[in-house]
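Enquirer: Following this message is one structure expressed as structure tokens.
The values are calculated or read from the model by the stated rules, or taken from the named source; none is laboratory data. These numbers come from a predicted model, not from an experiment. Glycine also receives a Cβ, built like all others from the backbone with ideal geometry; neighbour counts cover every protein chain displayed. The protein model used for the area step is the full one, side chains on, heavy atoms only, and it has no ligands, DNA or RNA in it. Shrake-Rupley method; radii C 1.70, N 1.55, O 1.52, S 1.80 Å.
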2 protein chains.
Amino acid sequence: MTPAELIQAKRDGGVLSDVDIRSLLRDYAEGRVPDYQMAALCMAIYFRGLSSAELRAWTEAMLHSGASLDLRRVPGKKVDKHSTGGVGDKVSLVLAPLVASCGVRVPMVSGRGLGHTGGTLDKLASIPGFCSALPLREAEAMVEDLGMCFAAQTEALAPLDRRLYALRDVTATVASVPLIASSILSKKLAEDLDGLVLDVKVGSGAFMKRPEDARALARTLVDLAAAMGCPAVAWLTRMDRPLGQAVGNALEVAEAVEVLSGRGPEDVREVTLALGAEMLCLGGVSPEPEQARGLLARALSEGRGLDRLRAVVKRQGGDAQALLAGLPRAPLHTDVRATADGVVASIDTEALGRAAVLLGAGRLRAEDSVDPAVGFTVLRTQGDRVRQGEALLRVHHHAPGPVLSEVLARAAGAYRLADVAPPAVPLLLERLEAHP
Amino acid sequence: MTPAELIQAKRDGGVLSDVDIRSLLRDYAEGRVPDYQMAALCMAIYFRGLSSAELRAWTEAMLHSGASLDLRRVPGKKVDKHSTGGVGDKVSLVLAPLVASCGVRVPMVSGRGLGHTGGTLDKLASIPGFCSALPLREAEAMVEDLGMCFAAQTEALAPLDRRLYALRDVTATVASVPLIASSILSKKLAEDLDGLVLDVKVGSGAFMKRPEDARALARTLVDLAAAMGCPAVAWLTRMDRPLGQAVGNALEVAEAVEVLSGRGPEDVREVTLALGAEMLCLGGVSPEPEQARGLLARALSEGRGLDRLRAVVKRQGGDAQALLAGLPRAPLHTDVRATADGVVASIDTEALGRAAVLLGAGRLRAEDSVDPAVGFTVLRTQGDRVRQGEALLRVHHHAPGPVLSEVLARAAGAYRLADVAPPAVPLLLERLEAHP
């Protein structure tokens, strides 16, 4: 079939063959299918979806468009974690060294912040000297030597996904469950994994605001991973408020170090332990989650995760001492205060994330640079009772100006107070899994 | 809004403002919005449609992207007809000179064949010497001097539609009612009309196979024309079999001349009289259709339509004598015969049209040339009782070869015989109108 016939078939709800998908994506990669046909196809997929078989063929074509890690010579199982993104989600920084310290290999490849959400790479970049641009061979060597790495997505891994993502971004075709799933897994499965744990965020600070959408994405992700030979577990977790207290790059690294030191906010610790337990089970280190939690808790209390993080930071050129004292810090702070007595009924967490981006903690345009020092400390969160004048949120900033005023106004506007407490939402909402 | 935001709004079922549509299409025309964004938008429109207001703004932007005929100095009303296309539809060739001979101006701008359907321009090109590439000023002068012209769509009229149509053609976004309507009317309303009659074909040989789809298109077309200030009447007409007996360019011109001579197939005459009556009414020459039919019938019997056609052909450089004897003619013919006794239950008229294209009567690719001499004579049509061995269809061709074998096989396959006659379908199905 010609590209136009393939688009028409998808438009009309048909199913494309493996051969057609492979040759279409190869022709796109090699410039024989133009962007305008791929844009029309992505919009048709937005409306019509992809079958399991189509999605697998599509994702494999993305995956095989580039290089992969080769970890065959590294003993032990390799398991990674991916989060669909939220505000204050620094779990990867805690999880990877903690799990690696328990004997599961974590070949973590991460991206930059996207939209209103933070990115692991941007957080790590706040550590003086840290370099995430690892050659594939060095990433493999680190996984062998230290049990983990923090590598940046590069042109080498799934380059076709990179190009297609850029096209989807300007054609309003990002928000398609199968296209999201293929984009995530074409990169993650290039890590040569034995298992994958997915943290699918749900709520006002997530891309998926509604549980049913998050569930559909989680289902698609675990089924697709399993179809491609990788056992997968997904947790739907609450993102109707920032995770932990810190929002912003250096602030989040500092909070991750707190958690690795056996302190830190309970919700960050809880998500870390839940996801980590799944990773230990998939990694064959523990037979069941409860025992795995015990292993992780012991590693935390003994500081083994923190030791591992320091070793990794050092190996990647970073200043390991700075982790404890020496991260960038904004010189000033201003508090957003409650204008009345009440209970925090809800937080528009996406709005808060966008305010953080505006402050400089993320990018408005792809070419912007990120300010590692700025961010928020969330002092009061959903369900907390507050008095008029009490600080809700601390904004860490440089010299005041119109941008700061806008950030303060948006942050204040993100909080909604009420007379009665909202119903409690569990942190861990639902678990899904699939096996090859 | 940015183009990506506009695409997203349409994708989500929103309504775009006049200002947004105008600036988007202007930016597209001027190269600031790339094809891939327009392709994604067209696919979103395919699924979500356009509101009346959006459609009007969209069509006006197309219309104003180019020049228009200026017929203000020409006295009398100007009315044109457009057909959505079928197989054997030579009505324009009869209608324009016949209506012009009755005193309504017909500034007809036509296109080439599209897909399996024939085009007025290709038919006219079979007349030796005939030139349809008229400058706008000459088209205007002909409408003044002869009451009509047969002009080709050029780059000057609605160039943006031309570009967008080419994009839609390769992105499976042609079959969208609002985009079809805007494409038709952006060109037709560039003719400076006082009225428009639309022949919306329905059935196996039409783009719209189902009456409900044809009705939706007809409704959209007349409402849009009226919203843009032009009174419009649409007829849904039967296209479940070829119209008349002739399919192919010179064959159809010859059949049109037959009808203009008061002879020819009854169905061609009937559609011509029905549409012509509407044109005379819209053109203010007749107060009501029945009287208008009388005027047209008299003009036919007196040969005034044929005289007008000869004058027009001559003015456009063609050999008017050739109309009666001297049109290109294929040297050979082969008949497709009935393989059993029975009744012609149905004709896959699109398949027949595609067979004619393959024979050379149309284009497989845009750059192909058309053979004026080849085509079909339909000897038996839907509802006719036939005996085994009786000729159903005559194929006019050059030297036999594999192409002819394929054409014969396809033509034979398009006929379905049965024991009982199918229910009769009226030629004129339904009438719609709208006024500013």
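Enquirer: Taking every residue in A:40-49, how many Cβ atoms of other protein chains lie within 10 Å of its Cβ, on average?
Expert: On the way: counts 16, 5, 4, 14, 8, 1, 5, 6, 1, 0.
The shielding value for this peptide is 6.
Enquirer: Under 5 Å between amide hydrogens, which residues at least 5 positions from A:Val33 or on another chain qualify, with H placed 1.01 Å from N in the peptide plane?
Expert: HN-HN under 5 Å from A:Val33: A:Tyr28.
Enquirer: Turning to a different aspect of this structure: How many nanometers, to one decimal and shortest first, lie between the label point of A:Ser52 and those of its other copies, if labels sit 7 Å from Cα toward Cβ?
Expert: Listed shortest first, these distances are 4.8 nm.
Enquirer: Here is a follow-up. Calculate the mean, over all residues of peptide A:27-38, of how many other protein chain Cβ atoms lie within 10 angstrom of the residue's Cβ.
Expert: Values: counts 0, 0, 0, 0, 0, 0, 0, 5, 6, 11, 7, 4.
If you average over the peptide's residues, the count of other-chain Cβ atoms is 3.
Enquirer: Now for a different question. Identify, among B:Leu282, A:Gly303, A:Leu136, the residue whose Cα sits farthest towards the positive end of the charge dipole of the protein assembly as shown, taking +1 on the Cβ of Lys and Arg and -1 on the Cβ of Asp and Glu, with the dipole about the Cα centre.
Expert: A:Leu136
Enquirer: Let me ask another. Explain nothing, just compute: Karplus ³J(HN,Hα) = 6.51 cos²θ - 1.76 cosθ + 1.60, θ = phi - 60°, for every residue of segment B:402-409 in order, whole Hz, x for Gly and Pro.
Expert: x, 5, 4, 4, 5, 4, 5, 5
Enquirer: Could you derive backbone 3J(HN,Hα) for segment B:266-274 from the dihedral phi with the Karplus parameters 6.51, -1.76 and 1.60 (θ = phi - 60°), listing whole Hz in sequence and x where the residue is Gly or Pro?
Expert: 5, 5, 5, 4, 5, 5, 4, 5, 5
Enquirer: Let me ask something else about it. Dipole magnitude of segment B:332-418 about its Cα centre, charges +1 at Lys/Arg Cβ and -1 at Asp/Glu Cβ only, in debye to the nearest 20?
Expert: Values: 10 positive and 10 negative charges, 35 e Å.
That gives a dipole near 160 debye.
Enquirer: Here's another thing I want to ask about it. At A:Glu266, with labels set 7 Å past Cα in the Cβ direction, how many nm apart are the copies from this one, shortest first?
Expert: Output for A:Glu266: 8.9 nm, nearest copy listed first.
Enquirer: Provide a whole-number value for the mean count of partner chain Cβ atoms within 10 Å of the Cβ atoms in peptide B:2-12. Walk me through the intermediate numbers first.
Expert: Values: counts 2, 3, 7, 1, 1, 6, 5, 1, 2, 7, 2.
The per-residue average across the peptide is 3.
Enquirer: Sticking with this structure for a sec: What accessible surface, in Å², does a 1.4 Å probe find on A:Cys281, ignoring ligands, DNA and RNA and rounding to the nearest 10?
Expert: Surface open to solvent at A:Cys281 totals about 40 Å².
Enquirer: Further question on the same structure: Let me cross-check B:Ser204: its accessible surface, 1.4 Å probe, with only protein heavy atoms counted, in Å² to the nearest 10?
Expert: It works out to around 40 Å².
Enquirer: Ok, one more. With +1 on each Lys and Arg Cβ and -1 on each Asp and Glu Cβ, and nothing else charged, work out how big the dipole of the protein assembly as shown is about its Cα centre, in Debye to the nearest 20. Present the calculation step by step, with values, prior to reporting the outcome.
Expert: Details: 100 positive and 106 negative charges, 31 e Å.
I would put it at about 140 debye.
Enquirer: Residues of segment B:214-229 with backbone nitrogen within less than 12 Å of a virtual label 7 Å along the Cα-to-Cβ line of B:His435, please, listed as ranges.
Expert: Once the point is set 7 Å along Cα→Cβ of B:His435, nothing inside segment B:214-229 turns out to lie under 12 Å by backbone N.
Enquirer: Okay, next question. Any chance you could check the Cα centroid distance between segment A:1-39 and segment B:42-56 for me, in angstrom?
Expert: Computed from Cα coordinates, the inter-centre distance equals 24 Å.
Enquirer: Determine the sum of side-chain charges near B:Cys149: Lys and Arg each +1, Asp and Glu each -1, restricted to other residues whose C-beta is under 12 angstrom from that of B:Cys149.
Expert: Values: positive: B:Lys78, B:Arg105, B:Arg137, B:Arg308, B:Arg315; negative: B:Asp80, B:Glu138, B:Glu140, B:Glu144, B:Asp145, B:Glu191.
My count for the surroundings of B:Cys149 gives -1.
Enquirer: For helix B:304-315, what angle does its Cα long axis make with the longest principal axis of chain B, in degrees from 0 to 90 and rounded to 10?
Expert: 70
Enquirer: Still on this model: Along the Cα→Cβ direction, 7 angstrom out, place labels at A:Asp307 and A:Arg385. What is the inter-label distance in nm?
Expert: 4.5
Enquirer: Then there's this: Sorted by average packing, counted as other Cβ atoms within 10 angstrom per residue and highest first, what order do B:63-71, B:237-245 take?
Expert: On the way: B:63-71: 17.8, B:237-245: 26.0.
Most protected by this proxy first, the peptides run B:237-245, B:63-71.
Enquirer: Right, here's the next one. Take the alpha carbon gyration tensor of segment B:3-49, find the square roots of its eigenvalues, order them as a ≥ b ≥ c, and report rounded if a/c is under 1.5; if not, report prolate when a/b exceeds b/c, else oblate. Provide the component values of the computation, followed by the final result.
Expert: Numbers: a/c = 2.16, a/b = 1.38, b/c = 1.57.
Since a/c reaches 1.5 but b/c is at least a/b, the shape of segment B:3-49 is classed as oblate.
Enquirer: Ok, one more. Note down the net charge around A:Lys123, summing +1 for each Lys or Arg and -1 for each Asp or Glu among other residues with Cβ under 11 Å from its Cβ.
Expert: On the way: positive: A:Lys90, A:Arg112; negative: A:Asp89, A:Asp122, A:Glu252, A:Glu255.
With Lys, Arg at +1 and Asp, Glu at -1, the net is -2.
Enquirer: Here's something else I'd like to know. Give the longest segment of chain A that steers clear of GluC sites (Glu not before Pro) in DSSP loops with at most 13 neighbouring Cβ atoms within 10 Å, not counting the sites themselves.
Expert: On the way: sites that count: A:Glu30, A:Glu155, A:Glu302, A:Glu367.
Longest gap between qualifying sites, sites excluded: A:156-301.
Enquirer: List the residues, sorted by chain then number, that are 5 or more residues from A:Ser83 or on another chain and whose placed amide H is less than 5 Å from its amide H.
Expert: Answer set, sorted by chain and number: A:Asp199.
Enquirer: Here is a further query. Rounded to the nearest 20 debye, what is the charge dipole size of chain A about its Cα centre when +1 sits on each Lys and Arg Cβ and -1 on each Asp and Glu Cβ? Walk me through the intermediate numbers first.
Expert: Working: 50 positive and 53 negative charges, 74 e Å.
Its charge dipole is roughly 360 debye.
Enquirer: What spacing in nm lies between the two simple spin-label points modelled at B:Ala67 and B:His398, each 7 Å away from Cα in the Cβ direction?
Expert: Modelled inter-label distance: 3.6 nm.
Enquirer: For label points placed 7 Å from Cα toward Cβ, what is the shortest-first list of nm distances from B:Asp169 to its copies?
Expert: Sorted ascending, the copy-to-copy spacings read 3.4 nm.
Enquirer: Moving on. Work through the residues other than B:Ala434 whose Cβ is under 10 Å from its Cβ and net out their charges, Lys, Arg +1 and Asp, Glu -1. Walk me through the numbers before you get to the answer.
Expert: Values: positive: B:Arg219; negative: B:Asp223, B:Glu433.
Charge balance near B:Ala434 sits at -1.
Enquirer: Apply the Karplus parameterisation 6.51 cos²θ - 1.76 cosθ + 1.60, with θ equal to phi minus 60°, to every residue of segment A:73-82 and state each ³J(HN,Hα) to the nearest whole Hz, in sequence, with x for glycine and proline.
Expert: 7, 7, x, x, 8, 10, 9, 10, 10, 10
Enquirer: Sort B:35-46, B:158-169 by the packing proxy (mean of other Cβ within 10 Å over each peptide's residues), most packed first.
Expert: Numbers: B:35-46: 26.4, B:158-169: 20.0.
Answer by packing, highest mean first, reads B:35-46, B:158-169.
Enquirer: Also, quick follow-up: In 20 Å bins starting at 0, how do the alpha-carbon pair distances of chain A split up by percent?
Expert: 26, 57, 17, 0
Enquirer: Separate question: Using amide H atoms built in the peptide plane, which far-off residues or other-chain residues are under 5 Å from A:Leu379 H to H?
Expert: Sorted by chain and number, the residues that satisfy this are A:Leu393, A:Arg394.
Enquirer: Grab the beta carbon distance between B:Ala166 and A:Gln321, set R0 = 56 Å, and tell me the FRET efficiency rounded to 0.05. Can you show the working numbers first?
Expert: Values: r = 63 Å, r/R0 = 1.12.
FRET efficiency, B:Ala166 to A:Gln321: 0.35.
Enquirer: Within segment B:270-291, what residues put their amide N at less than 11 Å from the label point 7 Å along the Cα-to-Cβ vector of B:Leu427?
Expert: Once the point is set 7 Å along Cα→Cβ of B:Leu427, B:270-275 turn out to lie under 11 Å by backbone N, inside segment B:270-291.
Enquirer: So, one more: Where does each of B:416-423, A:412-419, B:83-90 land if you order them by average Cβ count within 10 Å, highest first? Each step should come with its number before you reach the end.
Expert: Details: B:416-423: 11.9, A:412-419: 16.1, B:83-90: 28.0.
Packing proxy ranking, top to bottom: B:83-90, A:412-419, B:416-423.
Enquirer: At 7 Å along Cα-to-Cβ for each site, give me the label-to-label distance between B:Asp419 and B:Ala345 in nm.
Expert: For B:Asp419 paired with B:Ala345, the spin-label model returns 1.1 nm.
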